[in-house]
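> Okay, handing you the structure first.
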Amino acid sequence: MALEHAILVSLSERAASGSDLTRRFDASIGFFWSATHQQIYRVLGRMEADGWITAEVVPQADRPAKKVYVVTGAGRAELRRWIAEPTILDPVRSDIVVKMRGATLGDRTALLDDVRRQLDEHAKRHSLYESIAARDFPAPGNLRDADLDMFLVLRGGLLMEEFWIRWLTEYLDAHTDQPHRHQPDRPDQPDSKELDR
């Protein structure tokens with residue numbers, strides 16, 4: 001995926017200025033496709049030149065005018081083309097996994113501290129995803145269309161964090177005397193039949 005496609009998805013959901021987009025990346029899209037503010041602004045310029053988006057200058061009281069970007073017909077066509085294209089399986093690249101594999105070749109105590117730090121970060125992210133799910137999707141069994149898609153992506157994030165929490169906990173427990181207690185509670189989930197539409 002190119003950053004352009006992540007931006008097209010976001011702008012298709014709601015028109016936005018460059019600063020609005022960077023906030024969205026910081027708050028949601030950035031969990032699975034990261035980009036710096038400079039990258040976003042640079043790509044917006046390229047997308048506008050390619051005719052995928054257009055910008056409207058919107059005056060603001062007590063502040064400079066801002067450009068609000070909207071997806072054009074050409075941008076929607078590109079997004080449809082990209083969504084239909086087969087996706088290549090992403091390669092797994094993880095420094096911590098390679099370090100765990102080679103732990104006997106280095107300082108295992110330092111590595112275990114790093115694993116504990118990673119575990120804590122995954123637990124925090126899991127908690128954040130749970131709070132987003134509770135706030136934005138209190139009745140997931142009733143969701144349809146774009147809202148259902150957003151919820152299921154969030155569920156994927158929750159399940160990924162649960163994987164990391166369980167596996168890192170298992171690794172730590174295998175190498176230390178004190179069991180760890182970072183197991184996430186199973187969040188309430190809609191019945192699978194409710195989501196099978």
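> Quick check: pseudo-label points 7 Å beyond the Cα along Cα→Cβ at H175 and S127, how many nm apart are they?
Label-label distance for H175 and S127, simple model: 2.4 nm.
> What distance in nm lies between label points placed 7 Å from Cα along the C-beta direction at R93 and R14?
3.2 nm
> Consider a paramagnetic label point 7 Å from the Cα of W33 along Cα→Cβ; state which residues of the range 83-101 have an amide N under 19 Å from it.
It comes to 83-93, nothing else.
> Around T72, which amide H atoms from residues at least 5 apart in sequence, or from another chain, sit under 5 Å from its own amide H, with H modelled in the peptide plane?
Residues meeting the amide H criterion: I53, T54.
> Follow-up question, since we're still on this one. Return, for the Cα atoms of the chain, the radius of gyration and Dmax in Å, separated by a comma.
20.8, 63
> Then there is this: Out of T109, T72, T169, any idea which swings most in a Gaussian network model of the chain, alpha carbons joined below 10 Å?
Most flexible of the set in this elastic network: T109.
> Sorting check: for 93-102, 159-168, 4-13, which peptide has the highest mean count of neighbouring beta carbons within 10 Å, and how do the rest follow?
Numbers: 93-102: 11.5, 159-168: 17.3, 4-13: 19.8.
Ranked by mean Cβ neighbours within 10 Å, highest first: 4-13, 159-168, 93-102.
> A further question on this structure: Mark the label point 7 Å from the Cα of Q60 along Cα→Cβ and return the residues of the range 5-39 whose backbone N is within less than 14 Å of it.
Only 16-24 fall inside the zone, counting backbone N under 14 Å.
> Using alpha carbons only, how many degrees (0 to 90, rounded to 10) separate the axis of helix 3-13 from the longest principal axis of the chain?
Compared with the principal axis, the helix lies near 70 degrees.
> Springs between alpha-carbon atoms under 10 Å, Gaussian network over the chain: tell me which of I40, I88, I132 tops the mean-square fluctuations.
I88
> Continuing with the same structure: Could you check the simple spin-label distance between T109 and R23, using points 7 Å along Cα→Cβ, in nm with one decimal?
4.7 nm
> Evaluate the range 3-84: find the radius of gyration of its Cα atoms, find its Kirkwood radius, and give the ratio Rg to Rh. Walk me through the intermediate numbers first.
On the way: Rg = 12.4 Å, Rh = 12.9 Å.
With Rg and the Kirkwood Rh in hand, the quotient comes to 0.97.
Every read-out reported here was derived from the displayed coordinates using simple, explicitly stated rules and does not represent laboratory data. Values in this document were obtained by computation on a predicted structure and should not be read as measured data. So basically every Cβ, Gly included, is an ideal-geometry build from the backbone, and we count neighbours across all protein chains shown.
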